[in-house]
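Read-outs throughout are calculated quantities, based only on the coordinates presented, and are distinct from any laboratory measurement. Just so it is clear, the structure is predicted and the values come from calculations on it, not from any experiment. Every residue, glycine as well, gets a Cβ built from its backbone with ideal geometry; the counts of neighbours run over all protein chains shown.
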Amino acid sequence: MVKRKGRLLIHIGAGKCGSSAIQSALSQTPRIVSADGETINYVSWWKTHEDSGRLLYGRKLSRATRFSKHGYSSAPGNNEPNQVGLFFDAIKQSRRLRTASSIVSHESWIQDAQLITSHTADFEQVNALAFVRPPIPWLNSAYWQWGHWSGFNFPKWNKVRGKWNMSEHLGQWADQLGGHLTVRPAGKDVFEGLNDFVCAKPEAQLKSIDKGTNQSSPRALLRVLFRNRHLRPSAHDGSIEFVLSRWCDFSGLAPAWAVTPNALSMLAKRYDPIIKSFFDAFPDCAARCENDPNWLTPEENLMERCEANLDDGKDRYVEELQILCERLSDGLRYAGSKVRGKTDLGDTEFDGRPTEDIAVLEQRAVYLIELIRAIDERYRLGVFAHVKLKRQ
């Protein structure tokens, strides 16, 4: 069998470990030049039908990204194995990509090493990159991404579905690829690990495109979205959060935290031997985690945060809602400025008189969210029609 020339670089996740930020940066910079002059193409997939799709790379990928609510394009997930097969077959058959190196990405691939590697045997060299987070912070983020919207509270979700099993999944990848697997902690900046992985030239280093892409939504926003499910219908439709993070600065607002003190103690004991086993299997990653207390002493480091979260009274929520409305209003003006001269935004003001009425504040937040979503759609699609906005 003749091997396909060029390297295949695979970013396999994990989810909630900086994948959106990485895919956004790759979508905006679909051609990377390595330190030795090698050109690496970021390749993604556009599903057209259940049994077909098309490759995206170069300018076509960048243009397609403009239309995406999420702000990026990626490969198909392992929940669609047929599409995964079509995707890799298309790369192998592409004349333009036949002798070039490619990088591909999907956060779910960490869960299925056998499926992905079954399609990569024809490639001359395959390298995989994974980012991981400590179990307890990861479980909290995963709960707010998926579990909360399924109607479970954290203890029930953690019992039924919540599980940090990256060690097991990465062990399977190591069995398939051996020394061609790189594992890095997903710290504040995942791009250092990504740039090292592709050996990018100093002047061609990938960096975050949008500072909000890789940040969790504040808890006041999540509560508003949960009470208005038309804005975020399901656990797997969080596009509104990407839209809002594109225009709004939520820094400083309290993040969502679901882990109670009792749950923290239980999880710390459960995952302590699993973390030790993980560090034994991946010593390079362990060395990079030695200064992160969320790996080594999570109960000591996170207990204050868990206890503070118990004080979740009305006054606190009112204050957070007031700040949220201010940030949304700023985001609306920023979004409007990007289409200025191409559309009349009309009257975007509302009755902003101070109030402590939760119902009124939530109504204002929903109003602003819907306006930002409408303007964002016109911005992305290039349909700069007149937007008639009513006073709230």
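Modelled this way, with points 7 Å down the Cα-to-C-beta line, the labels at ARG288 and LYS156 are 3.8 nm from one another. Applying Stokes-Einstein at 25 °C and 0.890 mPa s to the Kirkwood radius of the chain, computed over alpha-carbon pairs, gives a translational diffusion coefficient of 108 µm² s⁻¹. Placing dummy labels 7 Å off each Cα toward the beta-carbon, the span from ASN165 to LYS5 is 4.2 nm. Other residues with beta-carbon under 11 Å from the beta-carbon of ALA35 carry, at +1 per Lys or Arg and -1 per Asp or Glu, a net charge of -3. Which distance in Å, rounded to a whole number, links the C-alpha centroids of segment 10-29 and segment 94-111? For segment 10-29 versus segment 94-111, the Cα centre distance is 13 Å. Taking the helices alone, the chain has a mean residue ellipticity at 222 nm of -14000 deg cm²/dmol, built from -39,500 (n - 2.57) per DSSP H run of at least 4 residues and averaged over all its residues. Here the peptides 295-303, 315-323 are ranked by packing, the mean other Cβ count within 10 Å, and the order with the highest first is 295-303, 315-323. Taken over segment 191-256, the percentage of Cα pairs per 10 Å bin, counting from 0 up to the bin with the maximum distance, is 19, 38, 24, 16, 3.
Seen from GLY85, the other residues with C-beta closer than 12 Å to its C-beta sum to a net charge of -2, counting Lys and Arg as +1 and Asp and Glu as -1. When every Cα-Cα distance of segment 277-329 is counted in 5 angstrom steps from zero, the calculated P(r) takes the values 4, 16, 13, 13, 11, 11, 12, 9, 9, 3 percent.
Hydrodynamic radius of segment 120-277 by the Kirkwood approach over all distinct alpha-carbon pairs: 18.1 Å. When you work out D = kT/(6 pi eta Rh) for segment 4-204 at 37 °C and 0.692 mPa s, using the Kirkwood radius from C-alpha pairs as Rh and the Stokes-Einstein form, the result is 188 µm²/s. Among 282-290, 24-32, 144-152, 327-335, sorting by the average number of other beta carbon atoms lying within 10 angstrom of each residue, highest first, gives 24-32, 327-335, 144-152, 282-290. Once the chain from LYS207 to HIS49 is taken as fully extended at 0.36 nm per residue, the excess over their C-alpha distance is 53.6 nm. Each Cα pair under 8 Å and six or more residues apart adds its sequence gap; the mean of these over the residue count of segment 4-204 is a relative contact order of 32 percent.
Relative contact order for segment 143-271: what is it in percent, counting Cα pairs under 8 Å that are at least 6 residues apart? The normalised contact order for segment 143-271 reaches 30 percent.
Here each label is just a point 7 Å from Cα along the line to Cβ, and for GLU377 and VAL33 those points are 4.1 nm apart.
Take the Cβ atoms of GLU356 and ARG63, set R0 to 41 Å, and the FRET efficiency comes out at 0.30. Loop-located GluC sites (Glu not before Pro) across segment 162-251 with a Cβ neighbour count of 14 or fewer within 10 Å are lacking, with loop assigned by DSSP. Gain on full extension, evaluated as 0.36 nm per residue between GLU319 and GLN176 minus their Cα-Cα distance, stands at 46.3 nm. Give LYS47/LYS338; LYS60/LYS201; LYS159/LYS269 a once-over and call out the pairs whose C-alpha atoms are over 18 Å from each other. In this structure, LYS47/LYS338; LYS60/LYS201 exceed 18 Å between Cα atoms. Based on Cα contacts under 8 Å between residues 6+ apart, segment 27-86 shows a relative contact order of 32 percent.
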